[in-house]
Amino acid sequence: YKNALESESFVLNHKGGLSKLDEIALDLPGFSNFVGPDIFCQIMGTDRCLPSDNIDSSILKKKIFSSVKSYGIGDILNAITNSQLFNQWYISTTDAQRLKFGAWIKWIDEKDGGKILQPGCLQKLVSYLPLLQYSGVNKSFNDIEGSEYIVSTRHILPIKDILVKLGFKCSDNAINSSHPLYKFIKIQDEESIWLKIKERDSSVLSLEERI
């Protein structure tokens, strides 16, 4: 019976065709809901297809369908961390989809509760995401570490013009507590920023700006 199942193409896939069991993959945590099935398969590096949304694919999780490849939270997080393909999707997608991704990461964090995932893995993922823009160029927090780039925050915005005069590059977009990934973002240490400011030549500033 099992051999008969595995030899037949009977599962409707996301492309509208029929696939054998060993040609099907399952996205257990629902990552493909916002990136789409084609991007999902590319990121996971698989030639398999996802089941069509028009069928109830939950039955494929049963042990008898062992030829089906299941991708869990850990598999997906490993695949998208520092992934050029996923980062490009993040840049080019809509704000609505980015919000869905942020909600998905929050759901993972709450679901896991520190039980399974390696400590800091979500923070590591977010550190590689192109969350910042500098003159229209997307950069991650890792990209700007230890450089003249500064993240615009509510404390930085009032002195942004002064920092630019001193040779710093402040992000076009501000990062604050309303950001969907804020919990997992390591904002630059403000004390280290002030030390960098003191090292700059302040003669380029007016007396009022120095005060």
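The values are calculated or read from the model by the stated rules, or taken from the named source; none is laboratory data. Quick caveat: nothing in here was measured; it's all calculated off a predicted structure. As a convention, Cβ positions derive from the backbone with ideal geometry for all residues, glycine included, and neighbour counts pool all protein chains shown. Only protein heavy atoms, including side chains, enter the accessible area calculation; ligands, DNA and RNA are left aside. Shrake-Rupley method; radii C 1.70, N 1.55, O 1.52, S 1.80 Å.
Quick look at the values:
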quantity	calculated
Per-region count, region 161-184, residues in contact with a helix residue (DSSP H, G or I) (Cβ under 8 Å, 6 or more places away or on another chain), hydrophobic (A, V, I, L, M, F, W, C) and part of a helix (DSSP H, G or I)	3
Hey, Glu145 open to solvent by 50 Å² or more (accessible area, probe 1.4 Å) and either in contact with a Lys or Arg (Cβ under 8 Å, 6 or more places away or on another chain) or over 22 Å from Ile105 (Cβ atoms) (or both) or not	no
Selection within region 75-89 - more than 24 Å from Gly16 (Cβ to Cβ) and open to solvent by 20 Å² or more (accessible area, probe 1.4 Å)	Asp75, Asn78, Ala79, Thr81, Asn82, Gln84, Asn87, Gln88
Qualifying residues in region 1-60 (those that are among the small types (Gly, Ala, Ser) and touching a Lys or Arg at 6+ places or on another chain (Cβ under 8 Å)) - the one surrounded by the most Cβ atoms within 10 Å (Cβ to Cβ)	Ala25
Test: residue in region 119-126 that is at pLDDT below 95, out of contact with any Asp or Glu (no Cβ under 6 Å at 6 or more places or on another chain) and open to solvent by 50 Å² or more (accessible area, probe 1.4 Å)	yes
For Ile108: the one exception among (1) within 22 Å of Asp27 (Cα to Cα); (2) free of Cβ contacts under 8 Å to residues at least 24 places away in the same chain	(2)
Gln118 being in a loop (DSSP other than H, G, I, E, B) and either β-branched (Val, Ile, Thr) or free of Cβ contacts under 8 Å to residues at least 40 places away in the same chain (or both)	yes
Unmet criterion (only one of (1) outside any helix (DSSP H, G or I); (2) surrounded by 12 or more Cβ atoms within 10 Å (Cβ to Cβ); (3) over 17 Å from the mean Cα position of the chain (by Cα); (4) not small (Gly, Ala, Ser)) for Arg154	(2)
Scan of region 61-74 for residues that are open to solvent by 70 Å² or more (accessible area, probe 1.4 Å) and either assigned to a helix (DSSP H, G or I) or among the hydrophobic types (A, V, I, L, M, F, W, C) (or both), ordered by number	Lys61, Lys63
Checklist (1) free of Cβ contacts under 8 Å to residues at least 60 places away in the same chain; (2) among the hydrophobic types (A, V, I, L, M, F, W, C); (3) under 30 Å from Ile73 (Cβ atoms); (4) outside any loop (DSSP other than H, G, I, E, B) applied to Phe141, failing item	(4)
Residue within region 28-42 that is in contact with a helix residue (DSSP H, G or I) (Cβ under 8 Å, 6 or more places away or on another chain) and at positive phi present	yes
